[in-house]
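*Asks:* Let me give you the structure first, and then I'll get to my questions.
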Amino acid sequence: MQRTALIVGVSGVIGNALSEHLLGQGWTVYGLSRGRTPVASGCIPIAADLTRPDELRAALGELQVKNVFFTAWSRQANEKENIRVNGAIVRNVLEAVGPALSGGHVALVTGLKHYLGPFEAYATGAVPITPFREEQGRQPVDNFYYAQEDELFAAAARHGFGWSVHRPHTIIGYAVGNAMNMGVTLAAYASLCREHGEPFVFPGSAAQWDGLTDMTGAGLLARHLAWSAEAPGARDEDFNVVNGDVFRWKWLWPRLADYFGIEAAPFDGTVRPLAERMQGAAPQWAALAQKYQLREASLDRLASWWHTDADLGRPMEVLADMTKSRKAGFTDYQSTPDSFVELFQRLEAEKLIPPVPGGAPAR
């Protein structure tokens with residue numbers, strides 16, 4: 001039976017990895033985005049504004065797919081607007097394709113802010129004990145993830161499809177122009193440090209430096225999403241999804257520095273946000289791009305300082321439990337250092353960062 005999928009947000013870090021994985025497995029893949037960034041070879045692009053129901057109906061009304069993957073969100077000025085806009089995105093897409101989805105599956109990617117709360121109320125309430133488990137449920141705060149879930153559940157009841165919700169931690173993966181991309185941000189930062197002979201300074205908190213944490217490789221998340229579309233044990237369930245290893249940044253940070261052949265600065269407990277320190281870095285990157293003939297001269301298309309600062313500046317330990325996925329049959333694993341190395345090597349091969357002499361693995 002032909003497997004068909006619509007990926008909402010196909011050009012982002014998750015959508016890109018998912019499209020490559022599904023295409024490699026023989027799926028027919030339609031990719032919905034604003035049409036500003038190229039999609040994976042073999043993906044059928046569809047350009048539309050997710051906030052415009054009429055435009056989506058025109059673009060998707062004749063589409064016959066049995067699987068939809070939501071991998072996009074639109075950042076707004078506050079959480080009330082996040083709820084309005086991002087809840088409507090899920091509703092608009094599912095109203096356009098819902099009749100074709102009977103008996104199919106829709107997967108929604110959210111994240112660990114399900115447990116932590118949104119950025120404007122980040123960890124201000126009673127954060128659940130770590131590692132986070134799905135049974136801990138929702139926090140008593142406004143959160144656009146909850147609005148997206150509610151739209152998903154309502155559409156599933158109307159149109160008769162199964163659903164799954166996926167909660168990754170910080171994602172390591174390839175994308176250009178992505179609003180939340182720590183891996184590419186750190187690669188750009190390290191490249192600037194190497195070019196100017198500056199130390200690689202950890203920007204975050206002592207809690208993150210010393211505490212245990214985990215991350216999610218985009219490839220592993222893609223495999224988790226594909227699994228959920230066909231596994232009986234994944235139907236109508238929510239899942240955390242992380243690589244399966246844990247680490248401390250004080251162990252990993254110098255290994256990332258070693259990969260780029262730069263010095264990791266000693267950490268003294270002071271938070272030094274990248275958003276403040278890199279305010280003048282755009283012209284430096286433009287000069288770097290010209291020197292090495294890189295494909296992207298705009299640092300804003302590569303680095304998301306604010307998001308990396310938010311993740312590395314957390315005042316508490318953050319990690320997630322994968323027991324529910326394991327019991328349901330998903331037993332995949334990904335090394336977090338390997339995730340970074342694979343990303344850095346791809347960025348170099350795609351001429352998005354300068355050549356890395358040696359490029360020793362961050363074991």
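*Asks:* Computed on alpha carbon atoms, what radius of gyration and Dmax characterise region 117-190, expressed in Å?
*Replies:* 16.0, 49
*Asks:* Comparing V176, V165, V184, which has the greatest mean-square fluctuation in the GNM of the chain with Cα pairs linked when under 10 Å apart?
*Replies:* Among V176, V165, V184, the largest mean-square fluctuation in the Gaussian network model of the chain belongs to V176.
*Asks:* Give me the 1.4 Å probe accessible area per residue for the chain, excluding ligands and nucleic acids, in Å².
*Replies:* Details: 14870 Å² over 363 residues.
Per residue, the chain has an accessible area of 41 Å².
*Asks:* Assuming R0 = 45 Å, what is the FRET efficiency of R295 and R158, from their Cβ-Cβ distance, to the nearest 0.05? Walk me through the numbers before you get to the answer.
*Replies:* On the way: r = 44 Å, r/R0 = 0.98.
That gives a FRET efficiency of 0.55.
*Asks:* Could you calculate the contour length gain from A126 to K250, that is, 0.36 nm times the residue separation minus the distance between their Cα atoms, to one decimal place in nm?
*Replies:* Numbers: separation 124, 0.36 × 124 = 44.64 nm, distance 2.66 nm.
Gain on stretching A126 to K250: 42.0 nm.
*Asks:* Determine the gain in length on full extension of the stretch E276-A179; use 0.36 nm per residue of separation and subtract their C-alpha separation, reporting nm with one decimal. Walk me through the numbers on the way to the answer.
*Replies:* Working: separation 97, 0.36 × 97 = 34.92 nm, distance 1.73 nm.
So the extension gain works out to 33.2 nm.
*Asks:* So which residue, out of A187, A234, A286, gets the largest mean-square fluctuation from a GNM of the chain using Cα contacts under 10 Å as springs?
*Replies:* In the Gaussian network model the winner is A286.
*Asks:* Let me ask something else. Would you look at the GNM of the chain, springs on alpha carbons closer than 10 Å, and say which of H196, H224, H307 moves the most?
*Replies:* Per the Cα network of the chain with a 10 Å cutoff, H196 tops the list.
*Asks:* Please express the shape of the chain as an equivalent ellipsoid: the semi-axes are the square roots of 5 times the eigenvalues of the C-alpha gyration tensor, given largest first in whole angstrom.
*Replies:* Numbers: eigenvalues 219, 109, 73 Å².
Whole-Å semi-axes of the equivalent ellipsoid: 33, 23, 19.
*Asks:* Per the Kirkwood definition applied to all pairs of different Cα atoms, how many angstroms is the hydrodynamic radius of region 211-363?
*Replies:* 17.9 Å
*Asks:* Would you mind giving the three semi-axes, in whole Å and largest first, of the ellipsoid equivalent to region 132-174 according to its Cα gyration tensor?
*Replies:* Values: eigenvalues 92, 51, 24 Å².
For region 132-174, the ellipsoid semi-axes come out as 21, 16, 11 Å.
*Asks:* Separate question: Check G204: other-chain or 5+ apart residues with amide H under 5 Å from its amide H, H built from backbone geometry?
*Replies:* Sorted by chain and number, the residues that satisfy this are R272.
*Asks:* Distances longer than 24 Å among the Cα atoms of region 167-294: what percent of all pairs is that? Don't skip to the end; give the middle numbers.
*Replies:* Details: 3203 of 8128 pairs.
Distances greater than 24 Å cover 39 percent of the Cα pairs.
*Asks:* Pull up the DSSP beta bridges for the chain and report the antiparallel fraction as a percent, rounded to 5. Intermediate values should be presented prior to the final figure.
*Replies:* Numbers: 2 of 33 bridges.
Among the beta bridges of the chain, antiparallel pairing accounts for roughly 5 percent.
*Asks:* Which length gain, in nm to one decimal place, applies between R3 and K327 when the Cα-Cα distance is subtracted from 0.36 nm times their residue separation? Working shown, then result.
*Replies:* Values: separation 324, 0.36 × 324 = 116.64 nm, distance 2.52 nm.
Between R3 and K327, full extension yields an extra 114.1 nm.
*Asks:* Starting with the highest mean, order 332-345, 257-270 by the number of other Cβ atoms within 10 Å, averaged over the residues of each peptide. Intermediate values should be presented prior to the final figure.
*Replies:* Details: 332-345: 19.6, 257-270: 15.9.
Put in order of decreasing packing, that is 332-345, 257-270.
*Asks:* Can you give the alpha-carbon Rg of region 238-309 over 2.2 N^0.38 Å, where N counts its residues?
*Replies:* Working: Rg = 15.7 Å, N = 72, 2.2 N^0.38 = 11.2 Å.
Compactness ratio reported: 1.40.
*Asks:* In bins 5 Å wide, starting from 0, what share of all Cα pairs of region 1-92 does each bin hold, as a percent?
*Replies:* Per 5 Å bin, starting at zero, the Cα-Cα P(r) for region 1-92 comes out as 3, 15, 25, 24, 18, 10, 4, 1, 0 percent.
*Asks:* Can you compute the charge dipole magnitude of the chain about its Cα centre, using +1 on each Lys and Arg Cβ and -1 on each Asp and Glu Cβ, nothing else charged? Give it in debye, rounded to the nearest 20.
*Replies:* In debye, rounded to 20, the chain gives about 400.
*Asks:* Place a point 7 Å from the Cα of R235 along the Cα-to-Cβ direction; which residues of region 152-194 have their backbone N under 16 Å from it?
*Replies:* 156-165
*Asks:* Then there is this: Using a basic spin-label model with each label point 7 Å from the Cα along Cα→Cβ, how many nm lie between E198 and D210?
*Replies:* 2.8 nm
*Asks:* While we're looking at this one, here's another question. When only DSSP loop residues count, what GluC sites (Glu not before Pro) in region 22-107 have their Cβ near at most 16 other Cβ atoms within 10 Å?
*Replies:* On the way: sites: E55, E62, E79, E81, E95; in loops: E62.
The qualifying sites are E62.
*Asks:* Taking the Cα centroid of region 82-110 and of region 210-274, what is the distance between the two, rounded to the nearest whole Å?
*Replies:* 27 Å
*Asks:* Using 11 Å as the cut-off for backbone N distance, which residues of region 228-247 belong to the label zone defined by a point 7 Å from the Cα of R138 along Cα→Cβ?
*Replies:* Those under the cut-off are none; the list is empty.
*Asks:* Measure off, as a whole percent, the carbon and sulfur share of the 1.4 Å-probe accessible area of the chain, all protein chains present. Don't skip to the end; give the middle numbers.
*Replies:* Numbers: 7240 of 14870 Å².
For the chain, the apolar C and S fraction of the accessible surface comes to 49 percent.
*Asks:* Would you compute, from DSSP H runs of 4+ residues alone, the mean residue ellipticity of the chain at 222 nm, taking -39500 (n - 2.57) per run and dividing by the full residue count, rounded to the nearest 500?
*Replies:* Values: 14 runs with 148 residues, N = 363.
Roughly -12000 deg cm²/dmol at 222 nm, from the helical runs in the chain.
*Asks:* Taking +1 at the Cβ of each Lys and Arg and -1 at the Cβ of each Asp and Glu, which of S205, A175, M278 sits farthest along the dipole of the chain towards its positive end, judged by Cα position relative to the Cα centre?
*Replies:* Checking the options against the dipole of the chain, the answer is A175.
The values are calculated or read from the model by the stated rules, or taken from the named source; none is laboratory data. No experiment lies behind these values; they were computed from the predicted model shown. Because the Cβ atoms are built from the backbone with ideal geometry, glycine has one as well, and the counts that use them run over all protein chains shown. When the accessible area is computed, the model is the full protein with side chains, heavy atoms only, and any ligands, DNA or RNA have been set aside. Shrake-Rupley method; radii C 1.70, N 1.55, O 1.52, S 1.80 Å.
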